[in-house]
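Novice: Would you mind keeping the following structure in view while I ask a few things?
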Amino acid sequence: MMMLPALAAAQAAHAEQAATAPQTAGQGPQTTPLPAKVYHSAEMPYKGDAKKKARRFFYGPEHSGYNLEMHETVLGPGVETHALHTHAHQEIIILMEGTVQVSMDGRTDTVEAGSVIFYEPDRPHNLRNAGTTPCRYYVVELRGKNA
């Protein structure tokens, strides 16, 4: 009978570890509220190659149930994120290094490091590395209750 408490404790520890583990690109959101924690760079591996690589820090609900996602992308010179597209949520992009050309709502703008880009929902957008060196940016997606 002593095995049941040990098994329950092991299952609880595994569930907590899974809830606080970094999400990788392509996975859906975690279902439990995001914990307060530090996401150490060394623990967040990139997926991709020199042309385009990314890593997700988190994706899931905050304490009120509103889904958030944060990831980092590095694009090689001349590389486009993806074709012009729309989605139902808002995005905030913080350009850390390099220069990008942003397309949104039929307009283009050249954006330098240190700038912030805000995409509204359901508006066509994308970006391309307009420089000769890699660009690096962080994305915060405000996905809402149903994303």
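The values are calculated or read from the model by the stated rules, or taken from the named source; none is laboratory data. Just so you know, these numbers come straight off a predicted model, no measurement behind them.
Novice: Within region 103-127, track down each residue that is outside any strand (DSSP E or B) and hydroxyl-bearing (Ser, Thr, Tyr).
Specialist: Of everything in region 103-127, just one residue is outside any strand (DSSP E or B) and hydroxyl-bearing (Ser, Thr, Tyr), namely Ser115.
Novice: Can you tell me which of (1) at pLDDT below 95; (2) under 21 Å from Pro29 (Cα atoms) is the one Val139 doesn't meet?
Specialist: Val139 satisfies all of (1) at pLDDT below 95; (2) under 21 Å from Pro29 (Cα atoms) except (1).
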